[in-house]
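Heads up: the structure comes next, in structure tokens.
Quick note: the coordinates plus some simple rules give every number you see, no bench work behind them. None of these values were measured; they are calculated from a predicted model. Every residue, glycine among them, receives a Cβ derived from its backbone with ideal geometry; neighbour counts consider all protein chains shown.
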Amino acid sequence: KNFPRETTSAEIENCFQSFGAVHDVKIIAKENTHFAFISFVNENTALDVLRQHAIAPLTFLNRPIVLAPA
């Protein structure tokens, strides 16, 4: 959550590939929000991303992003 409106799925995938293989990125654009569902090939990768985010919140283009399990 909190990705800039013009963000593409490829940009999000590129950002999260450093954690592990990304299976899919689905962007949901609504009037007041822009968020994405990011699926990893390995479920443990998603858990690692959430753990790391809890310790040191991640940013995207210098914007803090909100991560939560779906």
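Helix 43-55 versus the longest principal axis of the chain: what angle, 0 to 90°, nearest 10, using Cα atoms? Approximately 70 degrees, to the nearest 10. Principal semi-axes of the equivalent ellipsoid, √(5λ) from the alpha carbon gyration tensor of the chain, are 18, 14, 11 Å from largest down. Highest mobility in the GNM of the chain, judged by mean-square fluctuation with C-alpha springs under 10 Å and restricted to Val49, Val25, Val41, is found for Val41.
In the chain, the calculated helix contribution to ellipticity at 222 nm averages -9000 deg cm²/dmol per residue, counting -39,500 (n - 2.57) for every DSSP H run with n ≥ 4. Computed about its Cα centre, the charge dipole of the chain is approximately 220 debye, with only Lys, Arg, Asp and Glu carrying charge at their Cβ. Report the net charge of residues surrounding Phe35, where surrounding means a beta-carbon distance below 13 angstrom and charges are Lys +1, Arg +1, Asp -1, Glu -1. In short, +4. Can you give the local net charge around Val66? Use residues other than it whose beta-carbon is closer than 15 angstrom to its beta-carbon, Lys and Arg +1, Asp and Glu -1. With Lys, Arg at +1 and Asp, Glu at -1, the neighbours total +3.
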